[in-house]
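Here's the structure, in structure tokens; my notes come after.
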Amino acid sequence: MVAVVFMSTIPLSGCSSNALPVIAVPKPDEQTPLPRWYPEAPWTASAGQSRIFIEGKIVFDVDRAVIRQGSEKVLATLLQFANEHPEVTLLRIEGHTDATASDEHNQELSAQRALAVCDWLVDHGVDNTRLLAVGFGKSKPIAPNERADGRQENRRTEFHVSEVNGRPFMKNGKDPTAGGYVLLVKSAEERRKEKELANMPRVQVKLKEFKATGDEVKQITPGGGPQITPRDKKNGS
């Protein structure tokens, strides 16, 4: 006897296919756009773009204006730009934060971080008069502050050309600070002297304790003071 087995083509209820879902390839217009700095193009005044795009980020200690390791490549690229473009007579370093603190705190922190970058450049040979440290706090976000990755993007430094050959750059109008909070960039010598002055021991002067004596009547010794000559009415002297 031969046994005949019939294979049913009707799918059984309750069973699902193990096949992977088909993922459509994104169309060119649907793909994530590349950063504006890619591919990195050299800055030229004729292009009319004030921002200098450098790949990477300068990172800081949490809630501090201390540059962390790993920022050397961006700093070196920025230093190279300053050295290769002497016509850029004023370079604005901008600091930006997320929105996790007060406006006053974020503005001060962002300015101090911009100043830390300027100090690094000065320590590596850039004239302090060519640098402008400006803080904007959380006023210019580039991503949503409601998300962790958005806050990370907002914590950043930007680099802009403010003056070319002593004249305001076309994108900045008449205000090279772009309306931010500005801190003075000092020379390395000025910072060194300030540090020495702050470390000098303070001399404490002990003042003699004042004791009130009240009203006193003091005796005047005759002949002890200046002699007054009576006026002569005849000669008017």
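Miscellaneous remarks
- Some residue of the range 202-223 being of a type outside the set (Asp, Glu), under 30 Å from Leu109 (Cβ atoms) and modelled with pLDDT under 75: no
- Meets criteria (free of Cβ contacts under 8 Å to residues at least 60 places away in the same chain, farther than 26 Å from Arg191 by Cα and in contact with a helix residue (DSSP H, G or I) (Cβ under 7 Å, 6 or more places away or on another chain)) for Ile142: yes
- Qualifying residue in the range 189-196 (condition: on the phi < 0 side of the Ramachandran plot and part of a loop (DSSP other than H, G, I, E, B)): no
- Filter result (assigned to a strand (DSSP E or B) and either closer than 23 Å to Thr77 by Cα or aliphatic (A, V, I, L, M) (or both)) within the range 135-180: Gly135, Arg156, Thr157, Glu158, Phe159, His160, Val161, Ser162, Glu163, Val164
- Count - residues of the range 100-141 that are at positive phi and touching a strand residue (DSSP E or B) at 6+ places or on another chain (Cβ under 8 Å): 1
- Checking each residue in the range 82-128 for being in a helix (DSSP H, G or I) and free of Cβ contacts under 8 Å to residues at least 40 places away in the same chain picks out Glu84, Asp103, Glu104, His105, Asn106.
- Any hit, the range 143-160, residues being under 15 Å from Ile52 (Cα atoms), buried (at least 20 other Cβ atoms within 10 Å of the Cβ) and of a type in the set (Phe, Trp, Tyr): yes
- Residues in the range 143-200 that are of a type in the set (S, T, N, Q) and touching a strand residue (DSSP E or B) at 6+ places or on another chain (Cβ under 7 Å) were compared, and the one that is farthest from Glu94 (Cα to Cα) is Asn165.
- Checking Glu55 against (1) exposed (fewer than 13 other Cβ atoms within 10 Å of the Cβ); (2) modelled with pLDDT of 95 or more, the condition it does not meet: (2)
The values are calculated or read from the model by the stated rules, or taken from the named source; none is laboratory data. Owing to the predicted nature of the structure, the values given are computational and were not obtained by experimental measurement. Ideal geometry is used to build each Cβ from the backbone, glycine not excepted, and the neighbour counts take in all protein chains shown.
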